[in-house]
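**Q** Following this message is one structure expressed as structure tokens.
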Amino acid sequence: IEIYSLHVDCKVTSRFAHTVITSKIVNRANESREVTFEVELPKTAFITSFSMSIDGKVYPGIIKEKASAQKEYDTAVSHGQSAGLIKITDRKLEQFHVSVSIAATSKVTFELTYEELLRRQLGKFELLIKVRPKQLVKHFQIDVHIFEPQGICFLETDSTFMTNELTEALTKVQNETKAHILFKPTIDQQKINPELDETLLNGDFVVHYDVKRGATAGDIQIVNGYFVHYFAPREMPVFPKNVIFVIDRSGSMAGRKIEQTRDALLKILQDLRPEDHFSFITFNSKVAEWKSSLLQATAENVASAAGFVRTFSASGGTDINRALLAAVSVLDKAERLPERSVSMIILLTDGQPTSGESNVEAIQENIQKAVNGKYALFCLGFGFDVSYKFLEKMALSNGGIARRIYENADAALQLQGFYQEVATPVLMKIEMQYPENAIEGLTKNNFKLFFEGSEIIVSGKISNELDLLPVEIKAQSHASDLTLKEAANVKEKEQVFQNQSYIFGNFIERLWAYLTIQQLLEKSISAQEEDKKTLEAQALELSLRYSFVTPLTSMVVTKPAGQQQTELANKPTEAG
């Protein structure tokens, strides 16, 4: 089985990435063989189409509502289910995998397309392409085109498998607003050494970049009546933060996990700013407060905390409820905190609540009542024994987010990386306001916190014949209350994209749909049963209309006669 051509073609327009992977394979054997197409793609992406063409006949994947696709499938495959075509492979990726049997000397072309909105983290966008052909490929090519009307301020490629020979196969061309990256290694350049037919191409091909920003109310882009508004203010003073680390030290954390947690916390302590206040609560079946109140992050207090962190050991049960209530109580009682400051609780746990209150619904209710919108709760689930669903719902209901920490060698780095994302709050209570009667389908437009290095994105449809789209941003910074105003000239903005030949026409509309689906799904996690149904129905309608494989849709892949006829591609979620 020979892959004679493998092409990754990726177009990023104003953060929205559209990636097409085309693999051409021939069966050189003199009998029929099974051919496999395997691609790893970012979890944040939605697959939009898949097809295989065998000897000229095309078999397209068809996107349907998940429930009805499953029903049809179960009828067709009465002899038990085969595994789905997509599974999560690591903390950033999921794998799409399909096999088909083809006759001797036959050829098959697989084509997979997926889309995602690149999120700014720690000051840059990341485009991740996983490369793993498992054999030498005669025509191998990665093509990345980036167009950012705001201008590209830096661009770097980084790859885990580069050698000096392979760098020669990489070219970068860049001007003010566009970049083209081409990676096209010959067969010889792909080899680990000249004697062996083994490939070097195994790992991540990553592009990082950021865009230029004026000091105004962000940047608005408009195509075909849909707008997107990007807002990432620069050089803002940082809010002091009051942070309580709530750390699980139950028996299951023993060994490597508690070591990695200690390592991460020692580094995080070094990153605290002198004006921050902090404390620790550790818990198993008992809850222990390091100090009864928050301490300022002076050199002395940080050193004493480091001493405490080094003593962490793990044993016993898991009383998440009492630990979080204790954290809320410390914040409630805190005195002499900076007047304008951001209070947050960061929970790290690796298991289910086993001690004290163990009913997750009751815990969620208790915590939400206690937090009462005053503080942000971030939940980090370590490994796969946690109830991620529970942590995610709790975080989203209390103005924070949840993250799974994968039990790898780099777990300490994952913990630190998460902390860095939330370490520098620069705005709070951000409201992005647009003329009410002129915008339809507005995505989320008020945000509790904005962290340095990230970006706020709002999108919507301009409903009537507006010439100017006025926007007003209200927010609180550490120094003052801000009001920023801007008006975008609709016709001028539309013009920006008109002469860009390689852009697919309705990309802002698709970006809007992608963002809306993601927000509806996120909202449904912490919604009541009735609301949940409505939110999911809206997300399903959009997923079908724009043909996205989301957790509510399935792609039905049909194969030639005589083989297991249909298989389903379902998008997995972190909560499983």
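The values are calculated or read from the model by the stated rules, or taken from the named source; none is laboratory data. None of these values were measured; they are calculated from a predicted model. Glycine gets a Cβ as well: all are built from the backbone with ideal geometry, and neighbour counts include every protein chain shown. For the accessible areas, the whole protein counts, side chains as well, though only heavy atoms, and no ligand, DNA or RNA atoms are used. Shrake-Rupley method; radii C 1.70, N 1.55, O 1.52, S 1.80 Å.
**Q** Report, by residue number, each residue of the stretch 408-454 that is open to solvent by less than 20 Å² (accessible area, probe 1.4 Å) and not small (Gly, Ala, Ser).
**A** Across the stretch 408-454, the qualifying residues are 414, 415, 418, 419, 422, 425, 426, 427, 430, 432, 443, 450.
**Q** Can you tell me which residue within the stretch 107-132, out of those that are open to solvent by 10 Å² or more (accessible area, probe 1.4 Å) and part of a loop (DSSP other than H, G, I, E, B), is farthest from residue 457 (Cα to Cα)?
**A** So the residue we want is 132.
**Q** I need the full set of residues from the stretch 133-150 which are surrounded by 13 or more Cβ atoms within 10 Å (Cβ to Cβ) and more than 16 Å from residue 207 (Cα to Cα), in order please.
**A** Just the residues of the stretch 133-150 that are surrounded by 13 or more Cβ atoms within 10 Å (Cβ to Cβ), to begin with: 133, 135-150.
Of everything in the stretch 133-150, those that are surrounded by 13 or more Cβ atoms within 10 Å (Cβ to Cβ) and more than 16 Å from residue 207 (Cα to Cα) turn out to be 133, 135, 136, 137, 138, 139, 140, 149, 150.
**Q** Moving on to the next point. Suppose we keep only residues that are over 19 Å from the mean Cα position of the chain (by Cα) and closer than 21 Å to residue 391 by Cα within the stretch 507-529. Which one would you say is least open to solvent (accessible area, probe 1.4 Å)?
**A** Here the residue is 527.
**Q** Could you check the stretch 346-384 and list, in sequence order, the residues that are buried (at least 18 other Cβ atoms within 10 Å of the Cβ), of a type in the set (Phe, Trp, Tyr) and closer than 25 Å to residue 412 by Cβ?
**A** 378, 382
**Q** Applying the selection to the stretch 296-328, what residues are open to solvent by 20 Å² or more (accessible area, probe 1.4 Å), assigned to a helix (DSSP H, G or I) and free of Cβ contacts under 8 Å to residues at least 40 places away in the same chain?
**A** 299, 300, 301, 303, 304, 307, 308, 322
Okay, residues lined up against (1) outside the structural domain of residue 515 (by the TED database); (2) within 20 Å of residue 125 (Cβ to Cβ):
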residue	(1), (2)
168	yes, no
195	yes, no
198	yes, no
207	yes, yes
223	no, yes
228	no, yes
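**Q** Let me ask another. For the structure I just gave you, tell me whether residue 184 is free of Cβ contacts under 8 Å to residues at least 40 places away in the same chain, charged (D, E, K, R) and not assigned by the TED database to the domain that holds residue 318.
**A** The answer is no for residue 184.
**Q** List pairs: first in the stretch 396-410 and closer than 28 Å to residue 255 by Cβ, second open to solvent by 30 Å² or more (accessible area, probe 1.4 Å), Cβ under 6 Å, 6+ apart or cross-chain?
**A** Matching pairs, first to second residue: 402/392; 404/574; 406/91.
**Q** Hey, another quick one. Hey, residue 10 hits all of (1) within 21 Å of the chain's Cα centre (by Cα); (2) open to solvent by 10 Å² or more (accessible area, probe 1.4 Å) but one; which does it fall short on?
**A** (2)
**Q** Tell me, yes or no, whether the stretch 275-282 has at least one residue that is in contact (Cβ under 8 Å) with a residue 60 or more places away in the chain and among the small types (Gly, Ala, Ser). Write out each step before concluding.
**A** Taking the stretch 275-282 as the starting set, the residues that turn out to be in contact (Cβ under 8 Å) with a residue 60 or more places away in the chain are 275, 277.
Adding the requirement that they be among the small types (Gly, Ala, Ser) leaves none.
No, the stretch 275-282 contains no residue that is in contact (Cβ under 8 Å) with a residue 60 or more places away in the chain and among the small types (Gly, Ala, Ser).
**Q** Where in the stretch 162-249 are the strands (runs of 3 or more DSSP E), entirely inside, with at least 3 residues that are open to solvent by less than 30 Å² (accessible area, probe 1.4 Å) and modelled with pLDDT under 95? Show your work before the answer.
**A** Numbers: elements: 170-174, 178-183, 203-211, 219-223, 226-231, 241-248.
Correct list: 219-223.
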